[in-house]
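Rule-based calculations on the coordinates, nothing more; no lab input. Computed from a predicted model, the values in this text were never measured in an experiment. No Cβ is skipped: glycine too gets one built from the backbone with ideal geometry, and neighbour counts run over all protein chains shown.
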Amino acid sequence: MHDLYEALKLGIKDYFHKTGFKKALVSLSGGVDAALVAVLATEALGKENVTGYFLPSKKTQPLQKKNVDELANNLGIQYFELEIDPIVDVYKKALENSVHEMKPKTLESLKSRVRGALLMAFSNQSDALLLNNVNKSEMALGFCTLYGDMCGALGVIADVKKSQVYELCEWINRRHPVIPRETIDRTPTHEERYHPKHGEEGVEYHVIDKVLTGYIEESKTVDQIAKDYQLDKSVVEALIKKIYMAEPKRRQSAPPLRVSVKSFGIGRRKPLTLSSKQIDEIY
């Protein structure tokens, strides 16, 4: 974990040095991904150069606010809080004539995009770069929102799998406990629909990450992955199909810090669209 942590820290420092920027913005949510990025940015750039933004809605859990307070306190960084509901309500009002009943997924994406727009406005206003919090597992399967939580100038952990995020957070806390214990233990959720500690299809992240390692980083076949990691072949095929379906999203994401054998982006270029038949032939 030490080498991975130092590589990510160096990547941030180098990116800022070469682009001429000194200050960074981090979106704080009370989750592990945001906490890890905040810790890395603070160590790489100094606490005086990192500002956090907490953008809750009415459905944000009180525990998230508590965890954000504690994390910012421990890191010594300044952070601002702004409720997004009044802005979301304006959008809902504008849409009500054509959208009679908003789907949970639509509202969830709308909230994410309101946050993204605000964060980019803060970035412009303060001449600071917004760091992106999306990890490799979520990027692989498209568990992220275009123009929402995908906003940012640099994908700090876009080449770090979700299981590695947890390992890094534990490693950081063994060295110096700055990430609230509840942040690591809390079950991740989305505001409009329950989202347990795994992907949308009920597949746990440690399974997703095995498929990512085998397929993306080691170029193994479906049969090899299923055999090597003792996984059901149909699960492996379903996850690989999702990886291909999410390619258009990844083309519009922030450039990642590459810390693995093969990252998304320049490290792996695939067609934007493939038919079901073409995907089946890949297997």
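Points to keep in mind about this one:
- Between the range 213-254 and the range 87-120, the Cα center-to-center distance that results, in Å: 32
- DSSP beta bridges in the chain [antiparallel fraction, %, rounded to 5]: 10
- Model label zone, residue 22; criterion: amide N under 17 Å from point 7 Å along Cα-to-beta-carbon; scope the range 125-149: 125-130
- FRET efficiency, 1/(1 + (r/R0)^6) with R0 45 Å, evaluated for residue 175 and residue 147 via beta carbons: 0.80
- Each Lys or Arg adds one and each Asp or Glu subtracts one; over the other residues with Cβ under 11 Å from the Cβ of residue 157, this totals 0.
- The convex hull built on the alpha-carbon positions of the range 113-175 has an orientation-averaged projected area of 4.9 nm².
- Highest-fluctuation residue, 35, 254, 238 considered, GNM on the chain with Cα pairs under 10 Å: 238
- The Cβ shell under 14 Å around residue 122 holds other residues with a net charge of 0, Lys and Arg each +1, Asp and Glu each -1.
- Among 101, 167, 204, residue whose mean-square fluctuation peaks in a GNM of the chain (springs only between Cα atoms under 10 Å): 101
- Classification of the chain by its C-alpha gyration tensor yields an oblate form. The axis ratio a/c (a ≥ b ≥ c) is 1.5 or more, and b/c is at least a/b.
- All Cα pairs of the range 4-96, percent lying beyond 24 Å: 31
- Working from label points 7 Å from Cα in the Cα-to-Cβ sense, the residue 89 to residue 73 distance is 3.1 nm.
- In the range 85-152, the trypsin sites (Lys or Arg not before Pro) that fall in loop regions by DSSP, at most 13 other Cβ within 10 Å: none
- With contributions of -39500 (n - 2.57) from each DSSP H run of at least four residues, the per-residue ellipticity at 222 nm computed over the chain stands at -15500 deg cm²/dmol.
- For residue 81, residues with placed amide H under 5 Å, excluding near neighbours: 54
- Globularity ratio of the range 83-131, using Cα Rg and 2.2 N^0.38 Å: 1.34
- Loop-located chymotrypsin sites (Phe, Trp or Tyr not before Pro) in the range 118-152, at most 14 other Cβ atoms within 10 Å (DSSP): 147
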